[in-house]
1. For A:L190, which sequence-distant residues (separation of 5 or more, or a different chain) have an amide H within less than 5 Å of its own amide H, given hydrogens modelled in the peptide plane?
2. Per residue, how much space in cubic angstrom lies within the convex hull of the C-alpha atoms of the stretch A:110-208?
3. Please state the relative contact order of the stretch B:158-281 as a whole percent: Cα pairs under 8 Å, 6+ residues apart?
4. Can you tell me the dipole magnitude for the stretch A:110-219 around its Cα centre, using point charges on the Cβ only (Lys, Arg +1; Asp, Glu -1), in Debye to the nearest 20?
5. Which of the aspartates and glutamates could a cross-linker bridge to B:K54, judged by Cα under 14 Å and excluding same-chain residues fewer than eight apart?
6. Starting from a Cα-only point model with no solvent, please compute log10 I(q)/I(0) by Debye for chain B at q = 0.08 1/Å.
7. Please list, in order along the stretch A:145-150, the HN-Hα scalar couplings obtained from phi with the Karplus expression 6.51 cos²θ - 1.76 cosθ + 1.60 (θ = phi - 60°), rounded to whole Hz, x for Gly and Pro.
8. Quick one: which residues, 5+ away or cross-chain, put their amide H under 5 Å from the amide H of B:T72? H built at 1.01 Å from N.
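Just so it is clear, none of the values below were taken in a lab; they were calculated from the coordinates. Just so we're clear, the structure is a prediction, and the values are computed from it rather than from any experiment. Neighbour counts are summed over all protein chains in view; Cβ atoms, including those assigned to glycine, are modelled from backbone coordinates with ideal geometry.
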Amino acid sequence: MLTNQMPTAVHATTVLDRTEPAPGIVLLGFYAPELAAVTRPGQFLMAIPPGGERTATALGIYEAQDHRVAVLFFVCGPRTRELAGLRAGDGLEVTGPLGNGFDLSGSPRDVAVVAGGIGIASLLLPVQALIASSARVRLYYGARSAALLVERDRFAAEGCEIYCATDDGSYGRRGFVTGLLAGAEPRPDLVLACGPTPMLRATAAACSALGIPAQLSLEETFACGVGGCWGCVVPIDRNSAQAPRFPGPDEGGSDTVNARVCKEGPVFWAHELRW
Amino acid sequence: MSGSQAAYAAVDLSVKLGTLELAYPTLMGSGCYGSGEEFAPFADPAKIGGVVLKSVTQRPRLGNRAPRLVATPSGMLNAIGLQNPGIDWYLEHDLAERVPRPWKTIGSVAGFSVDEYAYVTQRLAAQPEIDAIELNVSCPNVAAEGETFACDPKLTGRVVRLVRDTTEKTLIVKLSPNVTDIAAVAREAEDAGADALAVINTVRGMAIDVDTWRPRLGNVTGGLSGPAIRPIAVLAVYEVACAVKIPIVGQGGIETVTDALEFFLAGATAVSIGTANFIDPRIPERIVEGLRAYLGERGLLSIGQIVGQANRGFAGAHRCEGREG
């Protein structure tokens with residue numbers, strides 16, 4: 001997995017555009033050429049709350065091109081509601097890019113990208129990078145209902161093959177997206193996934209059974225987002241290249257160590273997670 | 001530079017805690033600021049008084065299981081559980097590879113026995129990079145033992161007395177709000193040789209997930225921080241400032257200069273900023289500029305002139321001339 005050696009900074013940006021691809025889902029684009037220039041697929045930013053209250057909000061970077069960076073998010077609480085209230089011309093300060101990002105260095109030729117709900121927000125950049133390198137990309141996209149399968153056209157326009165599943169059967173196959181992945185033929189040589197934790201666990205199990213390496217972008221509550229508070233940990237293999245440097249096994253000879261999702265992650269190899 | 005700006009520039013914000021001299025009366029709270037380096041890209045290191053490092057114990061600790069954080073109204077609960085690599089590794093790697101910064105570096109020591117506190121303090125305080133020691137006798141998130149020390153005045157006294165013998169450097173004892181009489185604990189710490197007191201650590205709290213019927217923290221209970229605890233912290237500083245002469249580092253939900261001023265007026269010599277760094281890491285430097293302007297506008301020359309001004313029972317030894325009441 002790549003480490004974050006890019007220049008991270010607080011960027012004072014201006015909102016360029018705001019749309020609602022579905023009720024309760026907001027796509028917010030802002031002017032941030034320096035951030036766009038250094039962002040890698042799978043990284044995130046912290047949006048400093050415009051009102052100055054509450055902790056900053058971690059958001060996956062959806063688009064980063066030329067002068068514009070965009071985030072795509074589900075409005076689920078006071079902090080995202082505040083961000084959703086921004087309009088073109090409003091100022092927004094963001095810290096980023098943060099976290100590692102997907103490791104696409106192995107020149108994968110056939111990649112399955114698994115998205116659960118708003119997890120799609122971290123997957124456009126890797127899809128664009130993979131297609132630019134002429135890889136075949138199949139997107140397995142699940143959501144509660146058809147209306148929440150946002151940005152399908154966008155991914156299709158990038159050149160993905162798209163397979164959908166919905167909980168209520170209102171679009172694509174009824175059921176979980178991991179069911180679609182298990183039947184993927186021919187088998188992909190790499191899986192990238194982002195979504196709710198149960199979906200990521202199911203993806204990890206499916207990939208383990210099929211013998212396909214998988215990279216998972218985890219979701220966890222962050223406080224600082226920069227590795228300072230150790231609040232967002234996940235247990236991983238002590239021998240992982242991503243394991244924070246730590247002394248040998250202790251406390252019962254544990255072979256795991258708690259890695260920070262914000263710093264060592266948010267993307268981890270599925271087979272190295274001990275969750 | 002206009003006349004007023006020149007006056008502001010002359011305002012003296014430096015303070016002393018024991019022998020520790022801070023250019024600014026602002027510390028970054030332990031556990032909220034990592035080693036400082038995590039925030040260095042976003043904050044101006046020259047505008048920070050000191051950084052209290054994350055607590056270290058004798059043995060490595062994996063810390064509590066996730067989730068470790070829950071957002072709550074006007075604050076957050078945390079239960080990290082003192083994850084750290086242990087003192088040996090810490091000295092050999094974390095501290096040795098540290099980037100020199102203009103801020104003062106305060107090592108934080110946690111432990112589960114009186115002897116562990118003394119041992120870790122002796123090791124840590126011997127390092128030239130460490131300017132002072134904060135004794136974390138009040139972590140609420142490590143089974144029963146962690147907070148026991150700060151909840152028992154006699155035990156606090158024992159720990160501080162033993163640790164006092166291991167170092168000449170400034171010793172700051174961090175007190176728990178989860179006690180009946182914080183002033184009594186403060187007096188014991190002062191009698192035992194503490195140079196300063198950090199008031200307060202987090203307030204114990206809990207949140208429950210009504211969908212799963214389970215506590216939301218992996219550790220079940222946690223420590224509440226943020227503006228939700230500020231009035232509790234201001235009162236604690238006020239009460240401790242009536243009880244001891246040694247300086248107090250006030251902390252608990254400080255986000256703005258106004259918040260910080262409440263603590264100074266209650267009797268704090270310095271303040272510590274923790275959770276607010278999660279909103280915006282530039283908050284500490286804004287507070288410093290805000291203090292400078294506040295004092296300058298009132299024709300005051302130093303931060304010491306406002307310490308304890310709202311506290312009629314203020315017992316601090318550094319009572320300043322011109323203090324009213």
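1. Excluding prolines and chain starts, which carry no amide H, the hits are A:D110, A:A112.
2. Cα-based convex hull of the stretch A:110-208, divided per residue, equals 81 Å³.
3. 23 percent
4. Dipole of the stretch A:110-219, to the nearest 20 debye: 140 debye.
5. B:E37, B:E38, B:D94, B:E134
6. Debye output, listed in q order: -0.33.
7. 8, 4, 4, 8, 7, 6
8. For B:T72, the qualifying residues are B:L77.
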